[in-house]
Amino acid sequence: MAEQKKVAIVTGAGTGVGKAMAKGLAEAGFSVVLAGRRKEPLEEVERELSGVGAETLAVPTDVADPASVARLFAATKQRFGRLDLLVNNAGVNTPPIPLEDLSFAQWKSVVDTNLTGAFLCTQEAFRMMKAQDPRGGRIINNGSVSASAPRPHSAPYTATKHAITGLTKSTSLDGRAYDIACGQIDIGNAATDMTSRMASGVLQADGSVAPEPTIDPRHVADAVVYMAKLPLSANVQTITVMATKMPLVGRG
């Protein structure tokens, strides 16, 4: 009898690093549930992954909506029967405008998606992972180097990514009783639509505007695959994958 493939949910899987993560996991032998707000990008990723023989399921999901998250995990259980990996990747940002000019709606949108969404998905993953046989699984949260070194005019994004570190640590601790491991990947300047402005120049802490180097998202995906394939007795608690020459370390 063939061994059942491990099952992963990736949120924000329709574009950017989420798409790269989903592809990397599929190529590594995972069955992948693709979650995201828009149906069309998820279906496009599904078509691409069919080329590597991966079993996939696209579930349009708003991670900020508890009912939508519940449907995502119910669909996963119905299709695959279990969950081995959750990648909390979905995230949004606001335009780089001064903190005092941010609207409450802009603040709330980032908090609801980046933080509350990760919590809701983690909660549903706990419920599945502690009840299944074999018990347990792994959760990987997408943090950011911004949590420890913020950019100007990034209060909502930086605050939520700082909070993700707290959620990761609490999840890692609370998951021990159920054989649930949790780690975090902090990404610096992966080349996606979100970071496309890097090439033409972004605002620096000293008020200047300067271009910044980026990295191919596949390097992020490779790190996620490494974390995901570890036995549950081992865990990467935190890992940083970044462009070597980005102005993060030191006073650049």
Selection from Cys182, Pro96, Ser148, by position along the positive dipole direction of the stretch 7-242 (Cβ):
Cys182
The number of Lys pairs in the stretch 7-242 whose alpha carbons lie under 28 Å apart, excluding pairs fewer than 8 residues apart on one chain, is 27
What Rg and what Dmax come out for the chain when only alpha-carbon atoms are used, in angstroms?
17.7, 62
Using only alpha carbons, build the gyration tensor for the stretch 133-205 and give me the equivalent ellipsoid semi-axes, biggest first, whole Å.
31, 14, 7
Can you work out the base-10 log of I(q)/I(0) for the stretch 3-106 at q = 0.11, 0.12, 0.21 1/Å, using the Debye formula on its C-alpha atoms alone?
-0.36, -0.41, -1.01
For the stretch 71-78, just list the computed ³J(HN,Hα) in residue order, Karplus coefficients 6.51, -1.76 and 1.60, θ = phi - 60°, integers in Hz, with x standing in for Gly and Pro.
5, 4, 6, 5, 5, 5, 5, 5
Output the 0 to 90 degree angle, nearest 10, between the alpha-carbon long axis of helix 217-229 and the longest principal axis computed from the alpha carbons of the chain.
40
Using the reciprocal of the averaged 1/r over all distinct C-alpha pairs, how large is the Kirkwood radius of the stretch 1-50 in Å?
10.8
Per residue, what volume in Å³ does the Cα convex hull of the stretch 168-252 take up?
116
Taking 0.36 nm per residue of sequence separation and subtracting the Cα-Cα distance, how much length would be gained by fully extending the chain between Glu55 and Arg176, in nm to one decimal?
40.6 nm
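Can you show me the helix-derived [θ] at 222 nm for the chain, built from DSSP H runs with n ≥ 4 at -39,500 (n - 2.57) apiece and divided by the number of residues, rounded to the nearest 500. It would help to have the intermediate numbers written out before the result.
Numbers: 7 runs with 95 residues, N = 252.
That calculation yields -12000 deg cm²/dmol at 222 nm.
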What is the gain in length, in nm to one decimal, between Lys245 and Gln123 on full extension, counting 0.36 nm per residue of separation less the C-alpha to C-alpha distance?
40.2 nm
Near the amide H of Thr238, under 5 Å away, which other amide H atoms are found, from residues 5 or more places off or on another chain, if H is placed in the peptide plane?
Gln184
Computed lengthening from Gln78 to Asp193, 0.36 nm per intervening residue step minus Cα-Cα distance:
38.1 nm
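Any read-out appearing in this document is the output of simple, stated calculations on the displayed coordinates, not a laboratory observation. Computed from a predicted structure; not experimentally measured. With ideal geometry, Cβ positions are generated from the backbone for all residues, glycine too; neighbour counts draw on all protein chains shown.
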